[in-house]
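> Handing you this structure, nothing more for now.
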Amino acid sequence: MPLSRLRFIIQVICFVLLVYAGLLGVRRITVGEREPSFPTLSCEYGRPIAKCFLYDLQYLLTNDASRHYRRLAEPVLFFVGLGLLLGRMWCGWVCPLGFVQDLATRARVALGRRPVRLEPRVRTGLYWTAWGLLATTLFLALAIGWPSSKLYAYRNALMRPYCQLCPSKQLSPLLTGNVGGFLHLDRFDHATMLMSLLGIGVFLIFVVGIFPIRRFWCRICAMGLLMRAVRLNRWSLISLRKDTRRCTRCGNCARVCPVDIQAVYLERERADVCPSDCQLCLKCAEACPEDGVLSGRLLKWAFFTSSFGYGSKDRHRC
């Protein structure tokens, strides 16, 4: 089975489980009596069976000041532990929002449109935009948790600020049939109205961006940014390896990468070619036309390797 087909099947399964299983009565995933925080955008505005780490993080920043944030240790450990198992495969193979973006890419390819390739300065700008969004929303979550803060008065309006801006807040009600929650404008007060308008605006940017730009939101996503910051790919069980001696510099790996990573193509010495922003989708290995030059590995076991002819066939499908 082609790797791209296997990945698509796994994405469909994860999407159905994370978005719809809760609606069918499936209980939330627990470890003992604990609900682990997963490194994927499993939105609480639906009925997910797995808890999103960003949701947990904001909730505890807002509500755990009296305990000096001691309860943060548990979700952070779950986040890091699960991240170390798969690295950023959570983004490339599991995340529901990532799957929606890939569906948009499939629609664009079916229409015969080529992707918009972002200039390096634009990618850098999106990276710092992601940091600005994450830092601002976490600061708000932290500030409203202290009664002495001036922002405490806006506690109800600003609780979980990142979740209010994340496209999943709009997408989850739409996908699960909650039409009233889709593009809902909360008119309770000026602050809630402002956050609703900002959330709707971000969602419209998401919709417009995901068709011409591959994995557009992944370039801004706070979850991916946190995984990138702690370098989960460097320590995870999954890795991407390259036989640099036999690379023919065809450029297929750079062309098919959904987030425009150049490191796999440019590397000429090190075997490890899995930078922190790589989502381990392994499209580069699938597109590589040389036998065994690129491989996805679980520890030292190569579970997928590039092969002659197979890779060159789909090098333009991006």
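The values are calculated or read from the model by the stated rules, or taken from the named source; none is laboratory data. Quantities reported herein were computed from a predicted structural model and do not represent experimental measurements. Cβ coordinates were reconstructed from backbone atoms using ideal geometry, including for glycine residues, and neighbour counts include every protein chain displayed.
> Specify the residue that is surrounded by the fewest Cβ atoms within 10 Å (Cβ to Cβ); the eligible residues are those in region 176-209 that are touching a Pro at 6+ places or on another chain (Cβ under 9 Å) and closer than 16 Å to D102 by Cα.
Among those that are touching a Pro at 6+ places or on another chain (Cβ under 9 Å) and closer than 16 Å to D102 by Cα, it is V207.
> Give L97, L61, L118, L41 a once-over and let me know the one that is surrounded by 13 or more Cβ atoms within 10 Å (Cβ to Cβ), part of a helix (DSSP H, G or I) and at pLDDT below 95.
Only one candidate passes the filter, namely L61.
> Of all helices (runs of 4 or more DSSP H) completely enclosed by region 136-195, which ones contain at least 1 residues that are under 19 Å from the mean Cα position of the chain (by Cα) and under 26 Å from R47 (Cβ atoms)?
161-165, 168-175
> Cβ-Cβ under 7 Å, sequence separation 6+ or interchain: first residue in region 223-236 and exposed (fewer than 13 other Cβ atoms within 10 Å of the Cβ), partner of a type in the set (K, R). Which pairs?
So the pair list comes out empty.
> Which residue is surrounded by the fewest Cβ atoms within 10 Å (Cβ to Cβ), if the candidates are limited to region 255-292 and must be under 22 Å from the mean Cα position of the chain (by Cα) and free of Cβ contacts under 8 Å to residues at least 24 places away in the same chain?
Q262
> Pick from region 1-16 the residues that are crowded, with 16+ Cβ neighbours inside 10 Å and at pLDDT 95 or above: which of them is nearest to K283 (Cα to Cα)?
R7
> Could you tell me which of the residues L171, L240 is of a type outside the set (S, T, Y), under 21 Å from W90 (Cβ atoms) and at pLDDT below 95?
Answer to the check: L171.
> Turning to a different aspect of this structure: Out of all the residues in region 18-38, which are outside any loop (DSSP other than H, G, I, E, B), without any contact (Cβ under 8 Å) to a residue 24 or more places away in the chain and crowded, with 16+ Cβ neighbours inside 10 Å?
Across region 18-38, there are no qualifying residues.
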